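Reading through the structure tokens given below for one structure.
The values are calculated or read from the model by the stated rules, or taken from the named source; none is laboratory data. Just so we're clear, the structure is a prediction, and the values are computed from it rather than from any experiment. Quick reminder, even Gly has a Cβ in these numbers, built from the backbone with ideal geometry, and neighbours come from all protein chains shown. To get the accessible areas, we keep the full protein, side chains included, count just its heavy atoms, and leave off ligands, DNA and RNA. Shrake-Rupley method; radii C 1.70, N 1.55, O 1.52, S 1.80 Å.
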Amino acid sequence: DMGPKRDLIGDLSRAVRKVGLKFGVSNHRMENWSFMYPKDANLKTDLFNPEYADFYGPPQKPNEGEDAMAGKANYSKEFLEEWLRRCQELVDNYQPDILWFDNGINDRGLDPIKLRLAAYYYNSAEKWKKEVSLSTKSEAYLYGSIKDYERQSRAPKEITDYPWQVDDPVLNRFGYTEGSPIVNVATVVNRLIENVSKNGGLLLNISPKADGTIPENQQNLLLEIGKWMDINSEGIYGTHAWTKFGEGEKDEQQFRFTVKKGTLYVFAINHKGGELLIKSLSKSVGKVKSVELLGSKSKLNFSQKENGLRIDFPYVQLKGLPFVLKVKGLNLK
């Protein structure tokens with residue numbers, strides 16, 4: 001009835017799924033509560049106009065006394081129930097593969113309504129016979145969700161025993177800004193590898209213009225990532241962390257590791273050409289039987305010593321993109 005007069009979420013979900021992607025929904029509505037009263041008391045808004053009650057949600061009274069001093073949100077039952085119904089509407093209408101929430105739902109006092117949503121979503125998915133996930137910041141859900149970190153700088157530095165992802169933009173901001181610098185393909189690929197080697201993932205944010213079009217430089221970036229993934233995705237999809245995520249300091253030859261079905265994948269980062277020495281793959285971790293370079297049919301000569309695995313490697317990185325080695329024979333239990 002308001003806005004563009006079309007089902008934007010439905011249109012987007014169909015377009016996304018048509019090309020084989022997962023479809024998720026980002027929901028920030030819980031934060032409406034804190035925006036209901038502007039800090040400037042003289043600012044006139046339409047927040048309490050009865051004509052827009054179904055748009056903004058039930059009006060709330062500003063906090064008073066100790067709650068106001070502590071910045072505590074004293075949510076009304078009406079507001080929370082309306083939040084739940086809107087989330088359920090998203091679940092029912094679009095069967096999203098993931099529900100993503102920002103910091104607005106972190107409050108422990110919201111646990112009862114959050115658990116009702118989680119139950120509704122996961123029980124619905126059981127009826128659909130499909131896997132779905134909740135993703136939240138901080139400790140919004142103590143269990144049963146994917147932990148989200150905003151920007152790569154906040155990502156875990158070590159391997160975790162829980163699933164997580166980083167949401168990171170290709171521009172300086174998450175929204176589109178004219179003339180903003182854009183990251184290069186090597187930066188994105190290296191961040192993806194860094195996360196996957198520690199049991200995480202990368203949720204890459206692109207920024208369409210106001211008319212919905214994706215700028216050419218962002219399209220080109222995605223296509224470049226796709227070219228690398230066409231060759232090397234075997235070391236990303238369906239993998240998990242090894243006993244260590246990698247080796248090598250910032251200015252040295254670096255390696256990152258992932259595992260899948262008895263195979264170790266080694267990502268060679270910052271390689272300048274010449275021999276590779278992977279110290280983590282000495283004889284102490286078992287006997288290496290074969291080493292392949294993904295995307296190449298050429299055999300690699302290697303020898304396994306007490307100080308690591310040595311590989312004759314004549315290749316040099318193009319555009320700074322890592323190589324991926326497929327190593328078999330090790331005891332990876």
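Restricting the search to the range 308-333, which residues are open to solvent by 70 Å² or more (accessible area, probe 1.4 Å), without any contact (Cβ under 8 Å) to a residue 60 or more places away in the chain and assigned to a loop (DSSP other than H, G, I, E, B)? 312, 314, 316, 318, 331, 333 - these are the residues of the range 308-333 that are open to solvent by 70 Å² or more (accessible area, probe 1.4 Å), without any contact (Cβ under 8 Å) to a residue 60 or more places away in the chain and assigned to a loop (DSSP other than H, G, I, E, B).
For the range 239-277, the set of residues classified as part of a strand (DSSP E or B) and either in contact with a helix residue (DSSP H, G or I) (Cβ under 6 Å, 6 or more places away or on another chain) or polar (S, T, N, Q) (or both) consists of 247, 254, 256, 258, 263, 265, 267, listed by residue number. Here 284, 280 are screened, and the one residue that is of a type in the set (S, T, N, Q) and either open to solvent by less than 40 Å² (accessible area, probe 1.4 Å) or in a strand (DSSP E or B) (or both) is 280.
Looking at 180, 153, 138, just one residue is within 28 Å of residue 215 (Cβ to Cβ), open to solvent by 40 Å² or more (accessible area, probe 1.4 Å) and hydroxyl-bearing (Ser, Thr, Tyr), and that residue is 153. Beta carbons closer than 9 Å, at least 6 apart along the sequence or on distinct chains, pair a first residue in the range 190-209 that is in a helix (DSSP H, G or I) with a second that is open to solvent by 50 Å² or more (accessible area, probe 1.4 Å) for 191/204; 192/204; 196/240.
Out of 92, 40, 97, one residue alone is exposed (fewer than 12 other Cβ atoms within 10 Å of the Cβ) and at pLDDT 80 or above. It is 92.
Please determine whether any residue of the range 118-129 is outside any helix (DSSP H, G or I) and modelled with pLDDT under 95. No, the range 118-129 contains no residue that is outside any helix (DSSP H, G or I) and modelled with pLDDT under 95.
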